[in-house]
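Please read the structure below before turning to the comments.
The values are calculated or read from the model by the stated rules, or taken from the named source; none is laboratory data. Model, not experiment: these values are computed from the prediction. Note that we place each Cβ from the backbone using ideal geometry, even for glycine, and neighbour counts take in every protein chain shown. With ligands, DNA and RNA removed, areas are computed over all heavy atoms of the protein, side chains included. Shrake-Rupley method; radii C 1.70, N 1.55, O 1.52, S 1.80 Å.
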Amino acid sequence: MKPITIKDVLVHTVALPLVEPITTSFGSEPDKTAVLLEVITEDGISGWGEAAVDTYPGYGPETTATAEHILNNFLIPKLIGQTIAQATDVPALLRSARGHRHTKAGLEAAVWDACAKANDMRLADYFASFLPEGNAPRAAATVGVSIGIQPSVEDTVALIQKRLDEGYQRIKLKIKRGWDVELAKGIRAALPDITLMLDANSDYTLADAEHLKQLDAFNLLMIEQPLSYYDIFEHSKLAPQLKTPLCLDESIHTVNDLQMAIEVGAIGILNLKPARVGGYSESLAIYRVCVENDLPLWIGGMLETGVGRAANVAFAALPGVTLPCDISATDRYFETDLTEPPFVLGANSTLAVPDGYGIGVEVQRDRIEAAKAHWQAIYPYVEKGTAL
Ligand code: OSB
Ligand code: MG
């Protein structure tokens, strides 16, 4: 591998209108915001990464403003001038700053892209180079689609039908307290055979165990993150009470969290979001633990722009990713994305890994500028805290 030397890192905070805002148990936003990182090497290569942060701390504790603060004051200065042999060297360089995993993941992703491009490699192949033999990436990632909370069961059925017609073969529905059993019952009455799962985004407590048991009647692929974010203990008490496999999202931030969750029986399936665990280096460690433990694994999403999504598609093509991922085609998120070409749903509910080096898609500079201007335009209402 040819090393890279980092000359500069640019921070691009962007907002893009979502085609379909996704309402979860913690809220809804009309725009996708992200902090994009551009790592510029001495050789003139631009590596791109996405810090998947929202305007408010609803999913995780970080926001666009905390990301900018931590990047400009603490993280970027650690990388400027560094010669980096492998992207997996980045976490050690950023270790003096604790937490802020979504932010670190974005910066690390930009280095992954730059290293892959400097060596004429696709990101998927670069990821696989850190894994034992037998982990060569597949040509495409198998994916599903995530559907936000709708006003009624009928609206939900209509939207699921639209997604099925588009070719998605796994449907995830967001649920919350008071919008769960009745919803699942209505969907199963209309669509008895679809591959269906539910995501609660931490809305329940262990006291709801009896209530949640009713969901076992609906042949669900899994229930994702019913209990508190960060919790592992209470999930270990809930898991044996349910027949439906329990998937963790918000609770798993490190490979150690995962090992603990496996040990205490808190997890049946992992939703791995590279952003949530601080980047692709930690994601590779987590991937290995999943393979070693035969733990079903899929890659989650944060409604990323094409920059973040391309890297997630590359990771999701690794063969240890055994269940459909929350990575959908471009037109499910945006009218016009920041990268070209768009991701298009292929046969059998898949997204092809791009052929190009690095993330394999081209960042469109004019659209980045327009998305930065859109962020500036919406910022006043974000600042007043009225975004929620
Ligand atoms: O819990 O998986 C989640 C989006 C934002 C925040 C949390 C979640 C999600 C999704 C979106 O489900 C999945 C996607 O990116 O398509
Ligand atoms: Mg989730």
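Tabulated results
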read-out: For the chain, size of Cβ-based charge dipole, Lys and Arg +1, Asp and Glu -1, in debye; value: 340
read-out: Computed FRET value (nearest 0.05) for A92 with D165, which takes r as the C-beta separation and R₀ as 35 Å; value: 0.15
read-out: Cut-off of 10 Å, at most 12 other beta carbons, DSSP loop: longest stretch of the chain lacking such trypsin sites (Lys or Arg not before Pro); value: 244-383
read-out: Cα-based equivalent ellipsoid of the chain: semi-axis lengths in Å, sorted from largest, via gyration tensor; value: 32, 23, 21
read-out: Amide N proximity, the stretch 186-200 versus S152 label position 7 Å along Cα-to-Cβ, cut-off under 18 Å; value: 186-191
read-out: Neighbour-limited loop hits for GluC sites (Glu not before Pro), the stretch 1-108 (at most 16 other Cβ within 10 Å; DSSP other than H, G, I, E, B); value: E42
read-out: With Cα atoms, 0 to 90° folded angle of helix 365-383 axis to the chain main axis; value: 60
read-out: Length released on extending from R138 to A377, taking residue separation times 0.36 nm less the Cα-Cα span; value: 81.9 nm
read-out: Cross-link pairs K78/K174; K172/K237; K174/K243 - those with Cα-Cα distance over 30 Å; value: K78/K174
read-out: Exposure ranking of M1, M121 by accessible area [1.4 Å probe, largest first]; value: M1, M121
read-out: Distance in nm between pseudo-label sites at N256 and D331 (7 Å out along the Cβ direction from Cα); value: 4.7
read-out: Length gained when the stretch K7-D43 is fully extended (0.36 nm per residue, less Cα-Cα span); value: 12.1 nm
read-out: Folded to 0 to 90 degrees: helix 181-190 orientation relative to the chain principal axis, Cα; value: 90
read-out: By average C-beta atoms within 10 angstrom, highest first, the peptides 296-302, 24-30; value: 296-302, 24-30
read-out: Signed unit charges on C-beta, dipole axis of the chain, positive-most listed residue I76, I147, Y333; value: I76
